[in-house]
1. Please calculate the 1.4 Å probe accessible area of Tyr307, with all protein chains present, and give it to the nearest 10 Å².
2. Rounded, prolate or oblate, given the Cα gyration tensor of region 270-424, with a/c below 1.5 counting as rounded?
3. Step through the table entries Lys57/Lys253; Lys195/Lys303; Lys138/Lys195, compare each Cα-Cα distance with 22 Å, and write down the pairs that go over it.
4. By its C-alpha gyration tensor, with a ≥ b ≥ c as the square roots of the eigenvalues, how is region 59-139 shaped: rounded for a/c under 1.5, else prolate for a/b larger than b/c, else oblate?
5. Let me have the 222 nm mean residue ellipticity of the chain computed from DSSP H runs of 4+ only, each contributing -39500 (n - 2.57), with the sum over all residues rounded to the nearest 500.
6. Using the Karplus curve 6.51 cos²θ - 1.76 cosθ + 1.60 with θ = phi - 60°, work out ³J(HN,Hα) for each residue of region 232-237 in order, rounded to whole Hz, and write x for Gly and Pro.
7. Along the charge dipole of the chain, which of Ile247, Leu302, Ile65 sits closest to the positive end, that is, farthest toward it, with unit charges on the beta carbon of Lys, Arg, Asp and Glu (+1, +1, -1, -1)?
8. So how strong a dipole does the chain carry about its Cα centre when Lys and Arg Cβ are +1 and Asp and Glu Cβ are -1, to the nearest 20 debye?
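The values are calculated or read from the model by the stated rules, or taken from the named source; none is laboratory data. The model shown is predicted, which means the values in this text are computed figures rather than measured ones. Because the Cβ atoms are built from the backbone with ideal geometry, glycine has one as well, and the counts that use them run over all protein chains shown. In case anyone asks, the SASA skips ligands and DNA or RNA and just uses the protein heavy atoms, side chains included. Shrake-Rupley method; radii C 1.70, N 1.55, O 1.52, S 1.80 Å.
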Amino acid sequence: MKTDTAPAKRNIYPWVVVALLWVVALLNYMDRQMLSTMRDSMAADITELESTIMFGKVMAAFMWIYGIMSPISGIVADRVNRKWLIVVSLIVWSTVTLLLGYATTFTEVYWLRAVMGVSEALYIPAALSLIADYFTGKQLSLAIGIHMTGLYMGQAVGGFGAFVAQELSWQSAFHWFGIVGIVYAVVLAVFLREKRVLEPAKELLSERLPLGETLRQGCRGIVKSLGMLLGNVAFWTILFFFASCSIPGWSTKNWLPELFASSLGISMVEAGPVATITIAVSSFIGVMVGGPMADNWARRNLKGRIYTSAIGLTMMVPALVLMGFGTTIVAAVGAGLLFGLGYGLFDANNMPILCQFVSARNRGTAYGIMNMSGLFIGALATDFLGSLAAEGNMGLGFAMMAAALVLAVILQLTVLRPTTLNMEDAFSERELGTAA
């Protein structure tokens, strides 16, 4: 395994890692977003996709598989070389994107989308834990925030899939975006480097044990990691505020254009940009402001990142009320901007706060569990809002989400009491002796 030796490289290479992974984050969200934008073009050739029910099944296949795989992906990320995990997952989901261009039946689209859920789930826990290992405390929120902007950009670029499909064909759109990902995987394989402080010790342990015993030790290690996380009150608090914010996060993605169209009495053509552009732009600003703000605050106060995240969640509370009950375009734009800024402050600090309470060898697992909880509760909230929409009460549903955020802020500020900026991970001599 390569390690950094030159001091100059140590200073700049962590930012090279962020830049390399920023592109992967963009590809991750771009490839998953494309399908939703090209439905009309695809339905001309695959007639089942004309049905909203059938199309919903395709979208749901990705969400549920992605959610189920998230904790498994985190466990894997904590125990293998993350560089190659990221490279392989990028190759797989890019190949799936390429193959979608050759799909001719609903069944093929459905199963390819499911495979994409598996491969894309492997990325986020591995990427964020790798960045956290390169930025042990200082500038971590900024690094995570910059990486998260790649996800926002990928969502925006994926929206151009319909334009490419119109100018060329939906098949060509999948082909070219898939090829770009496969080519970039080669670049990543050359320039990305792992930084696993404990890897040599783990390798030594594996060499000293027979295969059967190694597998047993591995299973015991997974159970121990899960036990440590689930017995950690701070982790449950982080899990709660992450899930609480995921409810409006997914709801705004899935239902806000519909809400604005009905509450403002405008068409979806007008409501769509109001709902998406305002939040996307302000979220980008939020992470770029929230990252440095949290890093600087944390140097003076260990709860600086927690305070920054709490400010973000607090900003989202009136934004959700405005979304639910606002009836003017000014209220809608203001709500979108305020929500996005708050979400950016929150989004830039999830992994940095986690690093203050969870050791390096368990961070992938922890974030995987968080990702799963956020996705599942977001899916349930999306269904619930759909039922409220049928009764004309969707606005009330958005306003109700604010209550969960208020509780999340209270728990965040009262329960979380960090003692360090970065919970370092190390095997004790006793642990090594016991494992041997």
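1. Here the residue's solvent-accessible area equals roughly 70 Å².
2. Judged from the Cα gyration tensor, region 270-424 comes out prolate (a/c at least 1.5, a/b above b/c).
3. Lys195/Lys303
4. prolate
5. -28000 deg cm²/dmol
6. Per-residue couplings from phi come out as 9, 4, 4, 5, 5, 5 Hz.
7. The residue sitting most towards the positive pole is Leu302.
8. 1540
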